[in-house]
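What follows is calculated from the coordinates using simple rules that are stated; it is not laboratory data. Quantities reported herein were computed from a predicted structural model and do not represent experimental measurements. Here Cβ is always computed from backbone atoms with ideal geometry, including for glycine, and neighbour counts include all displayed protein chains.
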Amino acid sequence: MPNRFEQPAVFLRSGDPEQENEPTLQYPGQLGARFTVIQPTRGTIGAENVRSKRYQLVRSDSSMTVAPFLGAVSWWSDKTQYLVTTTSPTTAQGRNRIAGVFQNTVTPGNFCCVQLEGPAQVKLIDGVTVANIVAGAYVIPSSTNAKADVVASATAPTQTPLGIVDQNATRDVLANTVIVDLAVPETT
């Protein structure tokens, strides 16, 4: 466990929090560390490029039934061990234990990063509550493993929101994802 959560320099073997997927940590004391980076431009200009993003170094639960993928919602399996899962809690209250959102494919049991703040792709359930997804709509965790739902901004969310839809034109209908301005509550 780190002595302080905000780490000015975190060692990642991949060098990129959106590609980290390692069976061991070179510096185990950094597990749980939170850090902020500016997303580099990755080819095309998009909603995520050159924006500040916040991550936490965690371990994925080896017993989860759905392996983490780009945009998968994660919940705390064990906060004291910084262990996260894509398995949605069975109770609505449990779904408020949001850990973050995966931004890459991760082997269950490996160390990786989940994103807490900033623009991020989030995978949606097939039948979202609000069909016309617009900027400002709330994105909340769903009862479906690794996926989120959308509710209108004037509607009280039934779960702790992951964040809000970033811009009107950020939904990918084929991939069923949307760019969300994440604001996941951080835990101590």
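Quick look at the numbers
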item: Amide H contacts under 5 Å for residue 145, placed H, 5+ residues apart; result: 88
item: Fluctuation leader among 174, 25, 116 - the chain, Gaussian network, Cα springs under 10 angstrom; result: 174
item: Given charges at beta-carbon only (K, R positive; D, E negative), |dipole| of the chain in Debye; result: 180
item: In Hz, Karplus ³J(HN,Hα) per residue of the range 30-39 (6.51, -1.76, 1.60; θ = phi - 60°; x = Gly, Pro); result: 8, 4, x, 5, 10, 8, 10, 9, 9, 5
item: Gaussian network model of the chain, Cα within-10 Å springs - most flexible of 163, 136, 100; result: 136
item: Shape category assigned to the range 89-161 from the gyration tensor of Cα positions, a/c cut at 1.5; result: prolate
item: Size-normalised alpha-carbon gyration radius of the chain, reference 2.2 N^0.38 Å; result: 0.96
item: Under the Karplus curve 6.51 cos²θ - 1.76 cosθ + 1.60, θ = phi - 60°, whole-Hz ³J(HN,Hα) for the range 132-149, x wherever Gly or Pro sits; result: 8, 7, 10, 4, x, 5, 6, 10, 10, x, 10, 7, 8, 3, 6, 10, 10, 10
item: Other-chain or far-sequence residues with amide H under 5 Å of residue 99's (modelled H); result: 74, 75, 76
item: Hz values of 3J(HN,Hα) by residue in the range 62-70 - Karplus curve (6.51, -1.76, 1.60), Gly and Pro given as x; result: 6, 9, 5, 8, 10, 5, x, 9, 4
item: Sum of side-chain charges, residue 75 neighbourhood, beta-carbon under 9 Å (Lys, Arg +1; Asp, Glu -1); result: +2
